[in-house]
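> Below: one structure in structure tokens.
What follows is calculated from the coordinates using simple rules that are stated; it is not laboratory data. Computed from a prediction, not measured in an experiment: that's the story for all the values here. Cβ coordinates were reconstructed from backbone atoms using ideal geometry, including for glycine residues, and neighbour counts include every protein chain displayed.
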Amino acid sequence: MSVLVLADHDLGVLSPATARIVSAASTLGPVDLLVVADDAAAIAQSAASLSGVDKVLTLKGYLVADSLATQLSTLAVRYHYVVASAGSVGKDVVPRLAATLDLMPVTDVVKILGPTSFERPIYAGNAVQTVTDTQDKHLLTLRASAFRPAAGGNAAPIEALDGSVQAVARLLSSDRTESDTADLATAQIVVGGGIALGSAENFQLVENLAKKLGAAVGATRAAVDAGYAPNDWQVGQTGKIIAPDLYIAIGISGALQHLAGIQGAKKIVAINTDPEAPLVKLADIALIGDLFEIIPQLTAELDRL
Ligand code: FAD
């Protein structure tokens with residue numbers, strides 16, 4: 001059962017999500033990892049080092065859905081599975097590819113039960129659906145955070161394909177937010193802040209703690225709507241889905257829509273004044289008290305280490 005995985009990358013660097021997708025996809029069969037980039041050389045080198053990769057294929061192009069779907073539909077004839085991360089690129093290209101190939105994709109997979117059986121969350125993460133895909137070919141998007149990353153140390157061969165296509169859409173430019181914190185979707189530790197922080201200045205308490213722990217920063221929708229944190233930090237039903245080893249939730253009540261994004265978190269620490277808050281009840285460790293007292297103390301303790 002051959003598997004084609006689409007590599008995700010940004011600024012010439014292979015995304016950490018790809019290592020997780022490769023480790024999951026390699027349970028289905030030998031993996032060819034496709035790098036589509038204007039200059040794929042450096043990305044292909046890191047891709048080739050991932051264990052579980054049989055071969056790296058490179059194609060000239062952009063991670064833009066309309067051309068990518070055409071390129072993938074040509075390649076897909078050779079594979080039983082075409083797999084992408086359920087990130088912005090995968091969510092864009094896989095449905096388009098599915099329409100081109102007249103197949104039903106299975107999206108947002110969080111567990112691979114067997115060659116044709118997959119688990120995916122539904123109802124904003126409140127239930128898990130088991131899907132059996134009886135089609136001859138399978139198109140999957142996987143939630144990277146649900147899988148462990150593949151190790152390095154491999155040296156797979158790299159093959160350059162000749163398959164550039166004329167795209168209707170072209171990438172002219174991209175505006176990006178600069179951040180020196182870890183990637184939220186794949187971080188092992190996430191520190192999240194809620195509306196209780198009270199202002200964008202106070203939200204820096206969360207950011208500073210995250211920096212000290214090498215963690216990514218998350219926020220509730222209430223905090224984002226109030227302008228305390230940027231939109232791409234939002235965790236939950238309408239934000240990012242995270243699955244860190246440790247989630248530290250500061251001044252967050254634990255509304256259902258927020259919980260939908262943190263169900264994969266292995267351990268949860270909640271800091272809240274309210275012992276009855278849903279997230280406090282769900283947490284492995286709860287610190288009941290004022291965040292404006294607890295966080296500076298915690299940060300000072302970490303400084304002493
Ligand atoms: P609150 O619910 O107001 O909780 C604040 C908490 O801080 C309370 O528990 C309080 O006890 C505690 N607190 C107050 N002061 C202190 C202090 N000094 N020290 C310590 N603790 C303190 N929300 C998301 O997060 N993500 C989503 O993706 C999302 N999607 C949504 C989609 C829809 C369609 C809808 C309707 C809502 C969505 N929401 C989402 C919003 C969600 O319902 C909640 O309103 C939001 O999560 C609440 O954020 P919060 O926990 O910061 O605020």
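> Quick one: is Ala226 surrounded by 14 or more Cβ atoms within 10 Å (Cβ to Cβ) and within 30 Å of Leu246 (Cβ to Cβ)?
yes
> May I pose another question? Which count do you get for residues in the range 238-256 that are surrounded by fewer than 17 Cβ atoms within 10 Å (Cβ to Cβ) and near the ligand (Cβ under 9 Å from one of its atoms)?
The number of residues fulfilling the criteria is 2.
> Give me the strands (runs of 3 or more DSSP E) completely within the range 199-305, filtered to those with at least 2 residues that are in contact with a Ser or Thr (Cβ under 7 Å, 6 or more places away or on another chain) and hydrophobic (A, V, I, L, M, F, W, C), ordered by residue number. Spell out the reasoning first.
Working: elements: 216-219, 246-250, 267-272, 285-288.
Passing ranges, in order: 216-219.
> Quick check on Leu298: is it away from the ligand (no atom under 11 Å from the Cβ), touching a residue at least 40 places away in the same chain (Cβ under 8 Å), in contact with a Lys or Arg (Cβ under 8 Å, 6 or more places away or on another chain) and of a type outside the set (S, T, N, Q)? Reasoning before the result, please.
Working: away from the ligand (no atom under 11 Å from the Cβ): yes; touching a residue at least 40 places away in the same chain (Cβ under 8 Å): yes; in contact with a Lys or Arg (Cβ under 8 Å, 6 or more places away or on another chain): no; of a type outside the set (S, T, N, Q): yes.
So Leu298 does not fit the description; no.
> Pull out all pairs, ordered by first then second residue, where Cβ-Cβ is under 8 Å, the residues are six or more apart or on different chains, the first lies in the range 207-234 and is over 14 Å from Ile248 (Cβ atoms), and the second is more than 15 Å from the ligand (Cβ to nearest atom).
Close Cβ pairs satisfying both conditions: Pro230/Thr177; Asp232/Thr177.
> Could you list, in sequence order, all residues of the range 87-100 that are free of Cβ contacts under 8 Å to residues at least 60 places away in the same chain and either in contact with a strand residue (DSSP E or B) (Cβ under 9 Å, 6 or more places away or on another chain) or not basic (Lys, Arg) (or both)? Working first, answer last.
From the range 87-100, those free of Cβ contacts under 8 Å to residues at least 60 places away in the same chain are 88, 91-92, 94-100; that's our starting set.
Ser88, Lys91, Asp92, Val94, Pro95, Leu97, Ala98, Ala99, Thr100, listed by residue number.
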